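Data block below; observations after.
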Amino acid sequence: MSKTIHILNGPNLNLLGKRQPEIYGSDTLDDVLRTCSAVGAEFGLSVVQRQSNWEGQIVDWIHEAREQAAGIIINPAALTHTSVAVLDALNTFEGPVIEVHISQVHKREAFRHHSYVSLRADAVMAGFGIHGYALAMRHMGKLLG
Ligand code: DQA
């Protein structure tokens, strides 16, 4: 049975491709799924991708990943900088966790420089556009494939 990676996306990322394209680019979450599935296939990994604007939904999906996923790639979006609940949930997950940010958060406002999720993440990507998800997937492949 192939191992599955869960890609979880937080608030406002449903608008990826339309939202502030000068910062986040014109690619969409469908493009993320397409490229990550292609990389996953190289390593025998399948991909499930989800997005929610609700913190509790992200927490519930992390709990679900405990049973169903070999690894988590997460772009918590604004919850990165605010959510102890998302951090606590990730701390219950035993597999690898990779944090992804499309933009280079450290070049932006000071409030984006702190990440609760980084306290748990095994690796962090920032500033690679949606290519960061594919790079994260490739690293998952090395770790798990
Ligand atoms: C983001 C960066 C966050 O600071 C922001 O709140 C987002 C997206 C990124 O992918 O660059 O919504 O996580």
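The values are calculated or read from the model by the stated rules, or taken from the named source; none is laboratory data. Note that the structure is a prediction, hence the values are computed from the model and not measured. Neighbour counts run over all protein chains shown; Cβ positions are idealised from the backbone, glycine included.
Details
- Scanning region 13-45 for residues that are within 15 Å of the chain's Cα centre (by Cα) and not in a helix (DSSP H, G or I) yields L16, T28.
- When G25, G44, G56, G17 are checked against the criterion of being on the phi < 0 side of the Ramachandran plot, out of contact with any helix residue (DSSP H, G or I) (no Cβ under 7 Å at 6 or more places or on another chain) and not charged (D, E, K, R), a single residue qualifies: G56.
- Filter pass, F111 being within 24 Å of G25 (Cβ to Cβ) and either surrounded by fewer than 13 Cβ atoms within 10 Å (Cβ to Cβ) or not small (G, A, S) (or both): yes
- Scan of region 2-20 for residues that are among the small types (G, A, S) and within 9 Å of the ligand (Cβ to nearest atom), ordered by number: G10
- Among all positions in region 61-72, there is no residue which is over 14 Å from the mean Cα position of the chain (by Cα) and within 16 Å of the ligand (Cβ to nearest atom).
- Residue count, region 66-77 (criterion: on the phi < 0 side of the Ramachandran plot and either assigned to a helix (DSSP H, G or I) or surrounded by fewer than 19 Cβ atoms within 10 Å (Cβ to Cβ) (or both)): 3
- Answer from G44, G56 - the residue that is over 20 Å from L143 (Cβ atoms), surrounded by fewer than 21 Cβ atoms within 10 Å (Cβ to Cβ) and modelled with pLDDT of 95 or more: G56
- Any hit, region 102-113, residues being closer than 20 Å to M137 by Cβ, more than 15 Å from the ligand (Cβ to nearest atom) and in a loop (DSSP other than H, G, I, E, B): no
- Just one of the numbered conditions (1) surrounded by fewer than 18 Cβ atoms within 10 Å (Cβ to Cβ); (2) in contact with a Gly (Cβ under 9 Å, 6 or more places away or on another chain); (3) not small (G, A, S) is not true of H63: (2).
- Lone qualifier among T35, T80, T92 - being touching a residue at least 24 places away in the same chain (Cβ under 8 Å) and either aromatic (F, W, Y) or near the ligand (Cβ under 10 Å from one of its atoms) (or both): T80
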